[in-house]
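Notes follow once the structure below has been shown.
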Amino acid sequence: MAPMRVSTMLLSCALAALAVSSVLAQATNYTSVEATAGKPVQLTYHASAHKNCTPAPLPTVRVTQSPKAGFLVVRKAVLSTDKIAGCPALKTSAQVVFYQARADYAGPDHVSYEVTSSNGEVASYDVTNTVKPAATPSEPGGEKGTKL
C-alpha cells in the first residue's frame, strides 16, 4: 500500500514537531472529536525534519490509555508542505493517528497516547470522542423509516 499524503490543514502538529524546545516538561494536548461508528477519524499527525530541511526519523506513538469502544490506527504517510520558513517544498515521513469506534457503538469514548520525537521530546494527547451511530440507509422517497 502506498503511503498516504497528508494535507497541511493540521500544520500546527507538524510545526510543533519541527520546533526545537528547550523545555523538557511534557506537554499535554486535550481535544474532543466527533466520530461516526465504524468510520475512522483523523486525530493528529506527527513529522520531524532537521534544521537543514532533511527528514528526521519518524516519531513513535505509544497508547497510554486504550479506547474502550474502538481502537487507534497509526499509518505512515508523506507530509508535503511549503509553509515552513526556509524549507520550501518540504517532504518528510509522518505518523498519522486515527480513531475508529466499533460499528455497533454510540456514546462517549476516550483515548490517550504519547508521541516521542527523534530528539526525545514527548507530547501527550488526551482525546474525548463522541461517537454518533452509523447512518441507516434511507428508504425510497428519501425519508428514513417512513412507511406509506
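The values are calculated or read from the model by the stated rules, or taken from the named source; none is laboratory data. Treat the numbers as computed from the prediction; the structure is a model and nothing was measured. With ligands, DNA and RNA removed, areas are computed over all heavy atoms of the protein, side chains included. Shrake-Rupley method; radii C 1.70, N 1.55, O 1.52, S 1.80 Å.
At 1.4 Å probe size, with the rest of the protein present, what percent of the exposed accessible area of the stretch 27-148 is carbon and sulfur atoms? Please list the in-between numbers first.
On the way: 3750 of 7000 Å².
Summing carbon and sulfur atoms, their accessible area is 54 percent of the total for the stretch 27-148.
Phi angles of the stretch 45-54 translate, via the Karplus equation with coefficients 6.51, -1.76, 1.60 and θ = phi - 60°, into HN-Hα couplings of 9, 9, 9, 9, 8, 6, 4, 8, 6, 8 Hz per residue; Gly and Pro are given as x.
Per-residue Karplus couplings for the stretch 81-97, computed as 6.51 cos²θ - 1.76 cosθ + 1.60 with θ equal to phi - 60°, are listed in order as 8, 10, 9, 9, 4, x, 10, x, 6, 5, 10, 8, 5, 9, 10, 10, 9 Hz, Gly and Pro entered as x. To the nearest 10, the accessible area of THR54 is 60 Å² with a 1.4 Å probe.
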